[in-house]
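Read the structure below first, then the notes.
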Amino acid sequence: MAMKKGLGRGLDALFESYREETVQKDEGNDKVNELRITEIDPNPEQPRKQFDDEKMKELVDSIRIHGVVQPIIVVPKGKRYVIVAGERRWRACREAGRPTIPAIVMDLDEKQTLEISLIENLQREDLNPIEEARGIQELVDRLNLTQEEAAERLGKSRPAVANALRLLQLSAQIQKLIHDNRLSAGHARALLAVADEKKREKIAEIIAEKKLSVRETEKLIQKENRQKKKAKAKEKPSYLTVIESELEESLGTRVQIIPGAKKGVIEIEYYSNEDLERILEKVR
C-alpha cells in the first residue's frame, strides 16, 4: 500500500489519508467498534515507555465518570489487535475496570503503524523540548525522512523542526537541565551561540541557579562573546577581525579566522545539514 504524500496537517491528516487508502470490509473499517480490553495488545514499537502516574490517575477517574471520548486506533494481528494510537487510554480503561473500549480498526503496514505511533507521541501536550527533539530525531532516523518531510508530517514549519533538533547538539548536562524544566527551549537556543562547551555548561548553571529570563540570558551571552572577541582581537591582526565580522554578517553564522606563520584556517560553523546547504549556496 503506497503512502500518500503531503501529510502537512499532522496526525489527523495522516489518519484521514490512510482511511481513504484502506477499506477493511469484514472488520467494518473506519467505524467505531467496541473491542474487549483483553483482545488488545500494546505496540512493542511504541516510543512512549513511561506514563505519568498522577495524570494516569486523572484519566482513569475521567473514564469512570465520562467514558472514553476518543476511540483508540488498532490494527488486526491474527485474532487479536495491536494498538497504533491510544495506549494511555487503553491502560486507563483497563485500570478503570472497563471490559471494552471504543476503537477504529485500520489496515496499516508496519511503516505506517510506526509513523502514526511516532507522530502521536510527538503531539502529546506534556512533552518537554528535549523529549520533543529526541522524538523528531527518531522520526527522521527510523523513517529516513528529511527535516522538511518530518515538518510536513508534524504540521510544523521546517525552521521549527530544525530549531528543535539543534537542542540535541547541547551536552547531556544541559539537556538534563532542560528536561528537568530548569531551562526553556529559548534558553537552550541562546546557549548555542556559545562555542566552548565547558563555558556553555557554566553559563547554563548560572541561568538555572539565578532563574534568568531568556532576554537576560541573551544579554549575558552577548557580553561573554564580546569579551571573547576582544581577547581574540588582541591575538590577531585587526584586519582579520574585520573580515570575520563581514563573513559572519554575509553567511549568517559564526566565522573564525585562525592565522598561522605562513597559512591559516577559516572555520565556518553550521548547525544542521539544511544549514550547511544554505551556507554553501551563499558561498557558491
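Grab the beta carbon distance between Q227 and D126, set R0 = 41 Å, and tell me the FRET efficiency rounded to 0.05. It comes to 0.55.
On full extension, the segment bounded by T253 and E197 gains 18.4 nm, given 0.36 nm per residue less the C-alpha separation. Evaluated at q = 0.08, 0.12, 0.14 Å⁻¹, the base-10 log of the normalised Debye intensity for the chain, with identical point scatterers placed on the Cα atoms, takes the values -0.49, -0.88, -1.06. Could you let me know the centre-to-centre spacing of region 166-233 and region 40-111, using Cα atoms, in angstrom? Result: 40 Å between the Cα centres. When each of the peptides 179-187, 218-226 is scored by how many other beta carbons lie within 10 Å of its residues on average, the order from highest to lowest is 179-187, 218-226.
Alpha-carbon geometry of region 44-101: the Rg and the Dmax are 11.8, 35 Å, given in that order. Selection among T38, Y270, V84 by position relative to the dipole of the chain gives Y270 as farthest towards the positive end (Cβ unit charges, Cα centre).
A simple spin-label model places pseudo-atoms 7 Å from Cα toward Cβ; at A172 and D52 they are separated by 2.6 nm. The order of the peptides 147-157, 54-64 by mean Cβ neighbours within 10 Å, most packed first, is 147-157, 54-64. The distance between label points at K211 and I268 comes to 4.4 nm (points 7 Å beyond Cα on the Cα→Cβ vector).
None of the figures in this text is laboratory data; all of them are computed from the coordinates on show. Fair warning: this is a prediction, and the values are worked out from it, not measured in the lab. FYI the Cβ positions are ideal-geometry reconstructions off the backbone, even for glycines, and counts take in every protein chain you see.
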